[in-house]
1. Inside the range 219-250, can you point out the residues that are more than 15 Å from Ala187 (Cα to Cα) and either of a type in the set (S, T, N, Q) or crowded, with 21+ Cβ neighbours inside 10 Å (or both)?
2. In the range 235-249, what count of residues is obtained for those that are over 19 Å from His96 (Cβ atoms) and hydroxyl-bearing (Ser, Thr, Tyr)?
3. Taking the range 16-54 as the search range and keeping residues that are in a loop (DSSP other than H, G, I, E, B) and under 16 Å from the mean Cα position of the chain (by Cα), which one is surrounded by the fewest Cβ atoms within 10 Å (Cβ to Cβ)?
4. Every residue in the range 89-116 that is touching a helix residue (DSSP H, G or I) at 6+ places or on another chain (Cβ under 6 Å), more than 16 Å from the ligand (Cβ to nearest atom) and closer than 17 Å to Ile153 by Cβ, please.
5. Which residues, taken from the range 120-136, are closer than 14 Å to Val173 by Cβ and among the β-branched types (Val, Ile, Thr)?
6. Name every residue in the range 118-127 that is part of a helix (DSSP H, G or I) and either away from the ligand (no atom under 16 Å from the Cβ) or of a type in the set (Lys, Arg) (or both), in order of residue number.
7. Just to be sure I understand the filter: pairs with C-beta atoms under 6 Å, separated by 6 or more residues or on different chains, first member in the range 85-103 and assigned to a helix (DSSP H, G or I), second member within 12 Å of the ligand (Cβ to nearest atom) and charged (D, E, K, R). Which pairs pass?
8. Cβ-Cβ under 6 Å, sequence separation 6+ or interchain: first residue in the range 22-50 and closer than 17 Å to Phe197 by Cα and touching a residue at least 60 places away in the same chain (Cβ under 8 Å), partner among the polar types (S, T, N, Q) and part of a strand (DSSP E or B). Which pairs?
Amino acid sequence: MQQYEIYAVKYAGPFTSSGAFIMWMKDWDQTVERNYYFWVIRNSSTTIIVDAGVSPEIAKQRGLNNYISPQEALKTIDIDAKSVKHVILTHIHWDHAGGIGLFPNATVYVQNQEYKFWMKDSIARSSAFSFFWDDVLPAELESIETSGRLKLIDGDRHINSGVECLLAPGHSVALQAVAVNTPQGTAVIGSDCGHFFANYKQEWPSSLIVDLPGWISSFQKLRAKVSSAELLFPGHDPLMSKNYPEIAEGITKLV
Ligand SMILES: [Zn+2]
């Protein structure tokens, strides 16, 4: 089985919010800072990008501070976004999928149920979901589908030796985490299953949950999958920048 390194690429932040944003129904009187990330899984023969960051247009519209375009960030570690062959979308929220147009030649892996919900279900356009959504997404995803680059996944599936997508609903209808074989054992990029390491440590969700029982089973599934607890990585925790070696500006090596 192939082994890989995992990098966290910070593309924006920090942003300050109430602690309750990160810890559901707790920490109302505290403030926390969060960053925005995507990830790189790499070895000498294969590069897989996990999530797409956002495009410069979306970053501008939303006033993201300290933004760097995913293309520019990847260039600093010698990855040409236009040549990337595989992008896994953990879920179709704007901050994870809004840069998918920057990878025009990649096969895009997403859970079937996640895709159907955002693209075909009218409930996804209700105002309560607008926090997660961006109006440019349907056209971009549709063009990926039409060009034959979309791979819809049902449940758990290996997409390469040592890289497995894991269905982990709760934060979204069908978020997928990514299990990666590394020299330290199995690591899991949990994405927003837990926004922070603290969500995993305390088995406590963020405030952004669409299915609480689903979230608890997903958390337990991911925790059972990793070789050790510290190999389960969150979606937005600034500790991914602070506690790991920086290999280029804003890019840290998690494993
Ligand atoms: Zn997110």
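1. Hits for the range 219-250 are His236, Asp237, Ser241, Asn243.
2. Here the count works out to 1.
3. Ala52
4. The one that is touching a helix residue (DSSP H, G or I) at 6+ places or on another chain (Cβ under 6 Å), more than 16 Å from the ligand (Cβ to nearest atom) and closer than 17 Å to Ile153 by Cβ: Val108.
5. Once the filter is applied, which keeps residues that are closer than 14 Å to Val173 by Cβ and among the β-branched types (Val, Ile, Thr), the range 120-136 yields only Ile123.
6. Result: Met119, Lys120, Ser122, Ile123, Ala124, Arg125, Ser127.
7. His96/Asp51
8. Between residues of the range 22-50 that are closer than 17 Å to Phe197 by Cα and touching a residue at least 60 places away in the same chain (Cβ under 8 Å) and residues that are among the polar types (S, T, N, Q) and part of a strand (DSSP E or B), the close pairs are Glu33/Thr16.
Quick note: the coordinates plus some simple rules give every number you see, no bench work behind them. Quick caveat, the model's predicted, so the values are computed rather than measured. Glycine also receives a Cβ, built like all others from the backbone with ideal geometry; neighbour counts cover every protein chain displayed.
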